[in-house]
Amino acid sequence: MNDMQTRAAAWHEIVLATLKSNNVKLITYVPDRVFTPLIKALHGDPFFTTFATTREEEAIGIVTGAWMGGLRGAVLMQTSGFGTIPNALASLVVPSQIPALIFVSERGTLGEFNLGQAMVCKTMRPVIDSLGVENHTITRQDELAFIIDRSIKQAVATQAPVVFILSPLLTGGKVFEA
C-alpha cells in the first residue's frame, strides 16, 4: 500500500490529482500561504508547468492564451487577489468563452484581521454571480474531487470559466496568532 492508501488524502493532494486526471497542465499563481502545500506539490510533479505571476490579471491572461493554444490551465489566488480580476473576466474570459479554472483560497472570514480581505470576501460572490460565472464554495473534503472534476468537465464542454472558493473549513485557512 502506498502512503495515500493508508491515510486520507489531504485537500491539496486531491486537487492535484483531479487537475492531473483532467489534463490541466499549466498552473499560474500569485503566492499564497494557504495554497503553499498545493503549490509545492505542483512544482514537484513534472506533469505540471507551474509558475508564479506578479498579478492575478497576468495569471488569467496566461491561462487564456494557453487555452487558445490548446493547453488547459488553472489559476490560484487568495480572496483579495480576486478583487483585481473582474475586468479580465468581464472583458476577456467570459466573452471569449475561455474555460478558465480559478481557485481562490478564501480569506476575509472566520476570524480574519485584514480589512481588505474581509471587504473583498463580502463582494466576491456577488461579482462572480453578476458575471454569470459558475462558482462553488467547497467546505468539505468528501465533496472536493467530485465538485472539481465535474466542474472542469462542464467548463471545458461549455467553454465557460469556473471559480472554486476553497473555504478555511476545507484548507484550515491562514493561521492567525492570538
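Bear in mind that the values in this text are calculations on the coordinates, not laboratory data. This is a predicted model, so every value here is computed, not measured. Please note: Cβ atoms are built from the backbone with ideal geometry, for glycine as well, and neighbour counts cover all protein chains shown.
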Region 28-114: Cα Rg divided by the 2.2 N^0.38 Å rule of thumb: 1.11
Sum up the charges of everything whose Cβ sits under 13 Å from the Cβ of Val24, counting Lys and Arg as +1 and Asp and Glu as -1, but leave Val24 out. +2
Between Asp129 and Ile147, what is 0.36 nm times their sequence separation minus the Cα-Cα distance? Round to one decimal in nm. 4.7 nm
Kyte-Doolittle cut-off 0.0, length cut-off 24 Å along the helix's own axis using Cα: show which whole DSSP H helices in the chain pass. 141-158
Using a Gaussian network model on the chain with a 10 Å cutoff between Cα atoms, which of Met124, Met68, Met77 fluctuates the most? Met68
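First measure r as the distance between the Cβ atoms of Lys40 and Lys20, then evaluate 1/(1 + (r/R0)^6) with R0 = 22 Å and state the FRET efficiency to the nearest 0.05.
0.90
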Rounded D (µm²/s) - region 1-74, Kirkwood Rh over Cα pairs, Stokes-Einstein at 25 °C, 0.890 mPa s: 188 µm²/s
Loop by DSSP (not H, G, I, E, B), at most 13 other beta-carbon atoms within 10 Å: where is the longest site-free stretch of the chain for chymotrypsin sites (Phe, Trp or Tyr not before Pro)? 48-112
Which entry is the computed P(r) over Cα pairs in 10 Å bins from 0, in percent for this structure: (1) 10, 41, 38, 10, 1; (2) 9, 35, 31, 18, 6, 1, 0; (3) 9, 30, 28, 19, 10, 3, 1, 0? (1)
Please identify every one of the trypsin sites (Lys or Arg not before Pro) in region 46-155 that sits in a loop by DSSP and has no more than 13 other beta carbons within 10 Å of its own beta carbon. Arg140
